[in-house]
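Beneath this line is the structure, given in structure tokens, with notes to follow.
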Amino acid sequence: MKSLIFLILIILIVSCVEPSSDTREIETYTIEQFYNNKSIFGGSFSADEERLLVTSNETGIYNIYALDLTSGSMQPLTSSSENSIFGISYFPNDDRILYSSDKGGNEISHLYLRNPDGESIDLTPDSLTKAQFLSWAHDEESFFYLSNQRDQRYFDLFEVQINDLDDHIMIYENKENLTVSGISNDRSYLALTRSITTTQDELFLFDLKNNSTTRLSSDKTEATYSPQFFSNDSRYLYCLTDEHGEFASLVRYDLSSGNQEPVYSTNWDVWYAYDSYNEKYRVIGVNEDGKTSVKVLDQSDGSEVDFPDFESAEVNSVSISRSEALMRFSVGSSKSPSDLYLYNFETGDHKQLTHSLNPEINIDDLVDGQVVRFESFDGTVIPSIFYKPLQAGEGNKVPALVWVHGGPGGQSRQTYSPLIQYLVNHGYAIMAINNRGSSGYGKTFFKLDDQRHGEDDLKDCVEGKNWLASQDFIDPGKIGIAGGSYGGYMVMAALTFTPEEFAVGVNIFGVTNWLRTLKSIPPYWESFRTALYTELGDPFTADSVRLHRISPLFHAENVRKPLMVLQGANDPRVLQVESDEIVAAVRENGVPVEYVLFDDEGHGFVKKENQIKGYGQVLDFLNQYLKEQVN
């Protein structure tokens, strides 16, 4: 409850947006201009620390590049035009590269080797095998990865020697439905977790030499555990846990005794933590009210490294070179895509390496997201990220959307979304809501929607609509709802179960039949199946009655407002049939329905041409059925 008390204390400060006197004329931009931004991320240092391995969609699809740290030039290393390629890392002592890729968004990712001559080799070629890179060995002689080749439900741990990439040795056979989170530098211990529910894990230490397992997590407290790293001397395991309060903190376990010691905590979730190669620096990322706050601590004296001031933008991730002389860091905001910078620890100098925002776009025409909070139907305080169009004012009332994130359990964050900025730029106010059940606001808040999906969380969205309607610059009769994945489900739940509340809905690959979705989850989600069923309901039990009741497909006759649906044909999470059936059912009502289907996308659209086509049609749909409607 501490998180809710905290939110109530500050609600009066942030519950209202700025006065409407800021109205001004701005330039509006096309969907092509917004998606001609560059998405550039990653940043593994090369062995000589002269380049970064980065991933970018500069050509319209994700490929990998070598970013020269002196000139800032980017050399393409792959040239895929069909399947996205994501960089993992340079090899520790040469210019070979590891990367991952799947087929058309099917999420069956493989590990690939790229040799310096440009040749690429699939290291995990079995078509049904999903492989995930875990880490390099600290001695730089091998790397570890997880694979479900033996059994599609479970991920075993393999080690590959750098000098013999054909020899994949299984060092842990996962027969107990556990998740491998890390291996100690001396190869003695594994950190393992088991998901019980979405708010409870078990943490284990597995002794590889003695083939024995020790439980480290408390058996008295419902808590989550997320192992982060082992100390270089293999004496300690560092882990994130909310065992001691509402928010996750960093603790460490003494492996000889099993005793837990506090390391770092704050009033928000510690999101991630790691040490640099020789442990000179510790990096801690905090999820602070929907924004990432990064701290880099010099462990010799405990001092914090000072980042430059980037005004409204924030440092959101860092990577420290193996020599610990250089740091790559990423800076972005809700109105600017992230750019990469280089920092020199010895001189304190920094320089910008990339420029991601399309130069045709004036950043002053874009909008910073603003944290707002409102009380929902039962007094629960709901945080949201609000985008007010610059041209909106009391004399120019604008339409609005409640925007629901994915999950369940995701979070709307203060990060750049070209689609949201595109719509706001064209005069739509957007509330990116963090309804109950969202992460980042304490474990009590996170649990509030368990077995209440399509009910209390939907009421939060309705109250969010009411908050929008109360603003003097918003047309209260022109408020719609939009979202993807779980957010798409909320769109359909809103149009089905509260059919008069929202004027339109935009469903982006949303669940419409929970019975089918929960029965057809990918086999490689097996370790999470029990937790998922605990939160949402088990479709093979009496829970099926409720799941039928909250599934929009079975109540589609209630939908009366215009609907748009976007779907990827290769989506393994929300199958295409989900969207096919809801579109057909709603059309039977005589309601306008637009359906956009991409044959080469999965759960999320990554190709620029598809983003431009699909999201451009979203604006056309909203202009026709929301902005231009007559009340």
Can you list residues whose amide H is under 5 Å from Ile196's amide H, if they're 5+ apart or on another chain and H is modeled 1.01 Å from N?
-> Asp201, Glu202
So what are the ³J(HN,Hα) numbers for region 500-510, from phi and the Karplus equation (6.51, -1.76, 1.60; θ = phi - 60°), rounded to whole Hz, Gly and Pro as x?
-> 9, 7, 10, 6, 8, x, 10, 9, 9, 6, x
How much length is gained if the chain between Asp166 and Ser218 is pulled fully straight, taking 0.36 nm per residue apart and subtracting their Cα-Cα distance, in nm to one decimal?
-> 14.6 nm
Bins of 10 Å from zero: percent of alpha-carbon pairs in region 198-300 = 14, 46, 32, 8, 0
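Order of His453, His350, His426 from fewest to most other C-beta atoms within 10 Å?
Lowest count first: His350, His426, His453.
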Hey, what did region 34-165 get for relative contact order, percent, Cα under 8 Å, at least 6 apart?
-> 13
List every residue whose amide H lies under 5 Å from the amide H of Val371, counting only residues 5 or more places away in sequence or on a different chain, with H placed 1.01 Å from N in the peptide plane.
-> Phe386
Classify region 81-193 as rounded, prolate or oblate, taking a ≥ b ≥ c as the square roots of the eigenvalues of its Cα gyration tensor: rounded when a/c is under 1.5, otherwise prolate if a/b is larger than b/c and oblate if not.
-> oblate
As computed over the chain, the Cα convex hull volume per residue (Å³) = 153
Take the alpha-carbon centre of region 187-216, take the same for region 156-177, and report the distance between them in whole Å.
-> 18
Compute the relative contact order of the chain as a whole-number percentage, counting only Cα pairs closer than 8 Å that sit 6 or more residues apart in sequence.
-> 11
Excluding residues fewer than 8 places away in the same chain, name every one of the aspartates and glutamates whose C-alpha is closer than 15 Å to that of Lys291.
-> Asp269, Glu311, Glu314, Asp368
Region 570-600-region 225-244 distance, computed between alpha-carbon centres (Å) = 44
Which Cα, out of Phe247, Leu342, Ile284, lies furthest along the positive dipole direction of region 241-346 (beta carbon charges, K/R +1, D/E -1)?
-> Leu342
With labels modelled as points extended 7 Å from the Cα through the Cβ direction, what inter-label distance (nm, one decimal) is found for Asp378 paired with Thr347?
-> 5.8
Among Leu326, Asn513, Tyr29, flag the residue with its Cα farthest along the positive direction of the charge dipole of the chain, charges on Cβ as +1 for Lys/Arg and -1 for Asp/Glu.
-> Asn513
³J(HN,Hα) computed for each position of region 68-77 - Karplus, 6.51 cos²θ - 1.76 cosθ + 1.60, integer Hz, glycine/proline x | 6, 6, 8, 9, x, 6, 10, 9, x, 9
Report the calculated FRET efficiency for Arg235 and Asn362 (r = Cβ-Cβ distance, R0 = 60 Å), to the nearest 0.05.
-> 0.65
Low-density loop cleavage sites - GluC sites (Glu not before Pro) in region 115-203, where at most 14 other Cβ are within 10 Å (DSSP) = Glu119, Glu140, Glu141, Glu173, Glu176
Additional length obtainable on full extension of the chain from Gln149 to His548, 0.36 nm per residue less Cα span = 140.2 nm
Violating pairs (Cα-Cα greater than 23 angstrom) within the set Lys351/Lys607; Lys519/Lys613; Lys447/Lys478; Lys388/Lys465 | Lys351/Lys607; Lys519/Lys613; Lys447/Lys478
Calculated [θ] (222 nm, deg cm²/dmol) that DSSP helices of n ≥ 4 give over the chain, each run adding -39,500 (n - 2.57) = -5000 deg cm²/dmol
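Here, each number is a calculation from the coordinates, and none is a lab measurement. The structure presented is a predicted model; accordingly, all values stated were derived computationally and were not measured. A quick note on method: Cβ atoms are made from the backbone with ideal geometry, for glycine too, and the neighbour counts reach across all protein chains shown.
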